[in-house]
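> First the structure, which I've put down as structure tokens, then a few questions once you've had a look.
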């Protein structure tokens with residue numbers, strides 16, 4: 001079947017209804033999937049007006065959902081990870097180790113590194129902040145250090161793993177959206193990641209030099225003899241499976257099961273374990289009941305993406321826009337601009353990744369490669385929702401640390417330095433390639 005062109009008015013109507021519904025769901029507090037449904041309905045109606053049968057529409061939608069099935073499975077397992085680790089005593093032991101190792105005179109840089117370590121292991125901003133924010137911020141208050149700076153360091157560190165960790169659902173979603181492996185995506189992000197981490201460490205070390213130098217030595221004393229190595233088994237299993245290149249699904253599942261067994265051995269009955277895996281842990285998070293709405297939204301977003309891509313609705317207009325592009329820098333700026341606008345309106349992290357990634361994928365695949373698009377999206381679109389005040393992710397971060405975004409964002413350097421690094425990198429790549437070709441010649 002040949003696809004008919006959609007008018008600009010139909011495209012604008014679709015985007016307006018879709019994004020308006022998402023914004024309304026955030027503002028009014030009802031599930032994201034409900035706000036997203038009108039846009040999905042309009043998209044199906046547009047397909048029907050172009051001659052697609054209901055059977056065709058359902059088949060294309062299921063194909064879109066099928067593309068996201070691995071992400072849905074990983075998200076389901078992530079919902080069980082934190083509760084299982086908490087019940088096994090793993091979370092508390094990791095927090096004790098982290099707090100015992102934080103030196104007051106290097107408080108900010110160590111807070112950033114601690115949050116980064118936890119987030120790389122857990123793969124979630126919210127889980128990381130839920131695990132360590134309260135005790136670390138409490139320690140900052142005791143030391144008389146600015147809470148806003150400590151909160152900024154923690155949020156920045158937490159986003160390192162959310163963006164970069166192979167255990168992160170967002171990282172997995174981006175890899176599947178641009179159709180590359182997680183390994184290739186991590187390699188594509190490596191230079192900008194290391195650059196941002198170096199700048200962040202220097203930034204927080206500088207703040208320590210001027211602010212934390214007079215802090216009192218009142219940190220928590222770590223008794224190594226009281227630690228139980230067996231409680232670190234779940235994260236060690238997770239790491240071992242990844243090192244051995246065993247499928248991430250099996251890594252999560254084995255870690256969760258080992259934690260559940262430890263909790264049972266420690267005396268927690270099976271029914272409370274199942275209940276906590278289902279409902280989550282107060283103050284820690286997790287639980288399938290808190291994840292299923294996001295899973296339903298991802299199902300709807302997968303169906304939406306399948307139809308959007310198959311019907312070829314937005315691509316012709318993006319292609320016209322991209323025809324004027326003459327450089328990697330120009331295309332990078334357009335991705336940042338498109339992703340930023342979608343992030344402002346969508347108020348969540350998932351939709352900007354899917355819409356921006358899938359819309360720009362054909363053009364970037366031909367001109368620069370999928371890895372380059374993954375780098376640009378990872379350095380921008382994955383982080384933008386953490387800087388939008390009305391974003392769900394921002395609201396949750398602000399609630400956990402107890403400080404408005406205006407207080408901690410200036411110190412959450414990792415969030416806003418990467419888009420600038422991304423532009424600089426996109427500017428330098430063609431120059432370096434040109435210089436290299438001259439040397440070879």
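The numbers here are math on the coordinates, done by the rules we state, and not lab data. As the structure is a computational prediction, the values presented were derived from the model and not from experiment. Neighbour counts run over all protein chains shown; Cβ positions are idealised from the backbone, glycine included.
> What list do you get for 30, 241, 80 if you sort them by fewest beta carbons within 10 Å?
30, 241, 80
> Counting pairs of alpha carbon atoms under 8 Å apart in space and at least six apart in sequence, what relative contact order in percent does the stretch 238-375 give?
Worked out over the stretch 238-375, it gives 13 percent.
> Given q = 0.13, 0.19 Å⁻¹, what are the Debye log10 I(q)/I(0) values for the stretch 364-412, with equal point scatterers placed on the Cα positions and solvent ignored?
One equal scatterer on each Cα of the stretch 364-412 leads to -0.42, -0.64.
> Measuring from the lowest to the highest alpha carbon on each principal axis, how far does the stretch 288-439 reach, largest first, in angstroms?
Largest first, the stretch 288-439 extends 55, 41, 24 Å along its Cα principal axes.
> Considering the zone a paramagnetic label at residue 230 would reach in this model (a point 7 Å from Cα along the Cα-to-Cβ line), which residues of the stretch 89-127 have amide N under 14 Å from it?
Under cut-off, by backbone N: 89-90.
> Could you give me D for the stretch 246-343, from Stokes-Einstein at 4 °C and 1.567 mPa s, where the hydrodynamic radius is the Kirkwood radius over C-alpha pairs? Units µm² s⁻¹, please.
Rounded to a whole number, D works out at 72 µm²/s.
> Now for a separate question. Under Stokes-Einstein, with the Kirkwood radius over Cα pairs standing in for Rh, what whole-number D in µm²/s applies to the stretch 1-98 at 4 °C and 1.567 mPa s?
Roughly 76 µm²/s, to the nearest whole number.
> Report, in deg cm²/dmol and to the nearest 500, the calculated mean residue ellipticity at 222 nm for the chain, where each DSSP H run with n ≥ 4 adds -39500 (n - 2.57) and the sum is divided by the residue count.
Taken over the chain, the calculation gives -25000 deg cm²/dmol.
> Describe numerically, in nm with one decimal, the distance between label points set 7 Å from Cα along Cα→Cβ at residue 239 and at residue 194.
Each label point is offset 7 Å from its Cα along the Cβ direction, giving 2.1 nm.
> Which order do the peptides 142-149, 84-91 come out in when sorted by mean C-beta neighbours inside 10 angstrom, highest first?
84-91, 142-149
> A further question on this structure: Using Cβ contacts closer than 10 Å as the measure, can you line up 178, 109, 26, 11 from fewest to most?
So the ranking, lowest neighbour count to highest, is 11, 26, 109, 178.
> Same structure again: Helix 248-265 versus the longest principal axis of the chain: what is the Cα-based angle in degrees, 0 to 90, to the nearest 10?
Helix 248-265 and the main axis of the chain meet at about 30 degrees.
> Right, next: Relative contact order of the stretch 242-308: what whole-number percent is it, with Cα pairs under 8 angstrom and at least 6 residues apart?
13
> Note the angle between two axes, namely the Cα long axis of helix 54-67 and the longest principal axis of the Cα atoms of the chain, as a number of degrees from 0 to 90, rounded to the nearest 10.
Around 30 degrees separate the two axes.
> Further, regarding this structure: How far, in degrees from 0 to 90, does helix 413-440 lean away from the longest principal axis of the Cα atoms of the chain, to the nearest 10?
Tilt of helix 413-440: around 60 degrees.
> So if I restrict to the alpha-carbon atoms in the stretch 71-144, what is the Rg, and what is Dmax, the biggest pairwise distance, in Å?
13.3, 44
> What relative contact order, as a whole-number percentage, does the chain give when Cα pairs under 8 Å and 6 or more residues apart are counted?
26
> Follow-up question, since we're still on this one. Let me know the Rg and Dmax you get for the chain when you use only its Cα atoms, in Å.
My reading of the Cα-based Rg and Dmax gives 22.7, 73 Å.
> Sorted by mean Cβ packing within 10 Å, highest first, what order do the peptides 40-48, 260-268 take?
Ranking the peptides 40-48, 260-268 by packing returns 40-48, 260-268.
> I'd like the distance between the alpha-carbon centres of the stretch 333-375 and the stretch 129-143, rounded to an integer number of Å.
One Cα centre to the other: 35 Å.
> In what order do 364, 390 fall by count of nearby beta-carbon atoms within 10 Å, going from fewest to most?
390, 364
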